[in-house]
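Encoded as structure tokens, the structure appears first; notes follow it.
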């Protein structure tokens, strides 16, 4: 792998230079991105969340694509360099998808329970340095800007109302509930309480203003925006769904019968995994169904008592995985060996998540567990998900991307991430740990299969609800009397409940997530399929010379790719 050519003082000469110029400009437009990358520790601004901010991002995307065209036309030989080829394809695919979404007004509908601007503004404070008084002074200055940022976002929502680009009532209600929990804290006041005494007056004033802005946003969404959403359907329809799938997967599944084929494959995976679940359930308790076995494990199986105690347990699990996998199935550079288990703040969505390290590793990668008010944590369903979120899942991939970013481009290893690539690797990581025998007892293996089943169910109901596809003819349980009928949110929720051992609050949150972020949830299983197919293609091509550890490291070092390119590139390694 070659290092990126030093940038010209005037114009980029390679796709990687174009990509990195894009990242620099994007960080200027969105200072939170600079914080996420760790490239501007003193940054105290927030992005322009108004329609002008959306337009500026679109202009940058258009200008970057024009610059990419110029560079490739000037030197056709760049396509012979695999790193430059991958970077060019990724940059073009990502920015084209972004512009398509902008043209359709999707930026005005960026209101959901995970990825809305309101959520991003809150989360950014947990990623900021906080070791010194100067760090906290930066936090205070940025926090004081939260009211203006939320007000700008409100103008975007008002424009959405004018254009009739609204989200469904179910989504708004759930976000209002989240904001209720943030204000109950109150979140920002709680966050600054650990700051230095000398800055407490400034910090508390900024926090009070920020918490007030959260309450104002909640009241606006509840009292003014929500009434205007009556009648907006939960499903987004084929055209919007196909566009969303492109953004989340980097694949043109919307062409032809691609979505129907993915739906049918997801259903077949559901049935295959269910057969395995029934075997493991019988091992947990003779004659038990999968749901009966999972309920037994949840109430009577091994568990950890205490919030701090489960954080320590999850940290130990990741540390052990690093020690056992390094040198055998992966070669881990020293910065990758640090990952921190964290407890998610109140008001987070129900699913665990991971935040990547800064590019220089001054901020480590972190896994986050939402407790949802619990103090007892059954282990049967946590082991597999921590292999997904931590090691060898998200942490190994995203930290390795940061480690090789100087050889690729910052864009390929951060900003240009394709969700289905990332989530597909993490689901592959769970399966890989099963291949290695890391789920020796029927309880934790049932937990692994439950996680696999959830991702298969997601493919079925996410596509089914948004396209209103018919429920398959061999559906069982609550769906049996609805065979051939189109999916509805209520039927999807019933199907989730019959095929997941997760808590009810988690399943309720999952359904709202699928409806509010169409196309994202199918990327886990489709991404895993691409990773497995790419591994098998490489194994077949190399025969006895195939080295799994070498393949893992090469695969994790090629940066982001969409699913239209991922399988083929993995097969070449």
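The values are calculated or read from the model by the stated rules, or taken from the named source; none is laboratory data. Everything numeric here is computed off the predicted structure, so don't read it as measured data. When we count neighbours, we look across all protein chains shown, and the Cβ atoms used for this are built from the backbone with ideal geometry, even at glycine.
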Completion exercise
Within the range 474-521, residues more than 30 Å from residue 165 (Cα to Cα) and free of Cβ contacts under 8 Å to residues at least 40 places away in the same chain come out as 475, 476, 477, 478, 479, 480, 481, 482, 483, 484, 497, 504
Handout entry: Test for residue 527: is it part of a helix (DSSP H, G or I), modelled with pLDDT of 95 or more, under 22 Å from residue 394 (Cα atoms) and outside the structural domain of residue 330 (by TED's automatic domain parsing)
Key = yes
Practice task
Mind telling me which of the residues 369, 314 ends up being buried (at least 19 other Cβ atoms within 10 Å of the Cβ), closer than 30 Å to residue 280 by Cα, assigned by TED's automatic domain parsing to the domain that holds residue 399 and within 18 Å of the chain's Cα centre (by Cα)?
Solution key: 369
Practice task
Within the range 446-479, track down each residue that is assigned to a helix (DSSP H, G or I), farther than 20 Å from residue 292 by Cα and over 22 Å from the mean Cα position of the chain (by Cα).
Solution key: 467
Practice task
Could you tell me whether residue 463 is assigned by TED's automatic domain parsing to the domain that holds residue 323, buried (at least 20 other Cβ atoms within 10 Å of the Cβ), farther than 29 Å from residue 243 by Cβ and touching a residue at least 60 places away in the same chain (Cβ under 8 Å)?
Solution key: no
Exercise for the section: Kindly indicate whether residue 199 is outside any helix (DSSP H, G or I), modelled with pLDDT of 95 or more and buried (at least 16 other Cβ atoms within 10 Å of the Cβ). Expected result: no
Problem - strands (runs of 3 or more DSSP E) within the range 290-398 that include 1 or more residues touching a residue at least 60 places away in the same chain (Cβ under 8 Å) - result: 303-305, 339-343, 353-355, 376-378
Practice task
Have a look at 526, 469, 491, 479 and point out the one that is under 27 Å from residue 389 (Cα atoms) and surrounded by 17 or more Cβ atoms within 10 Å (Cβ to Cβ).
Solution key: 526
Practice task
Could you tell me which numbered condition residue 532 fails, if it satisfies all but one of (1) more than 30 Å from residue 432 (Cβ to Cβ); (2) modelled with pLDDT of 95 or more; (3) more than 18 Å from the chain's Cα centre (by Cα)?
Solution key: (1)
Exercise for the section: State whether the residues of the range 437-449 include one that is over 19 Å from residue 563 (Cα atoms), buried (at least 21 other Cβ atoms within 10 Å of the Cβ), in contact with a strand residue (DSSP E or B) (Cβ under 7 Å, 6 or more places away or on another chain) and modelled with pLDDT of 95 or more. Expected result: no
Handout entry: the range 535-565 - residue that is modelled with pLDDT of 95 or more, within 20 Å of the chain's Cα centre (by Cα) and in a helix (DSSP H, G or I) and, of those, surrounded by the most Cβ atoms within 10 Å (Cβ to Cβ)
Key = 563
Handout entry: All positions within the range 415-443 that are touching a helix residue (DSSP H, G or I) at 6+ places or on another chain (Cβ under 6 Å) and over 23 Å from residue 535 (Cα atoms)
Key = 415, 442, 443
Problem - Single residue of the range 210-237 satisfying the filter (surrounded by fewer than 15 Cβ atoms within 10 Å (Cβ to Cβ) and in contact (Cβ under 8 Å) with a residue 40 or more places away in the chain) that is nearest to residue 526 (Cα to Cα) - result: 237
Problem - Qualifying positions in the range 510-524 - within 15 Å of residue 244 (Cα to Cα) and part of a helix (DSSP H, G or I) - result: 513, 514, 515, 516, 523, 524
Fill in the blank from the handout: Residues of the range 280-300 being closer than 19 Å to residue 431 by Cα and out of contact with any helix residue (DSSP H, G or I) (no Cβ under 9 Å at 6 or more places or on another chain), in sequence order, are none
Problem - Residue check, residue 409 surrounded by 24 or more Cβ atoms within 10 Å (Cβ to Cβ) and farther than 30 Å from residue 284 by Cβ - result: yes
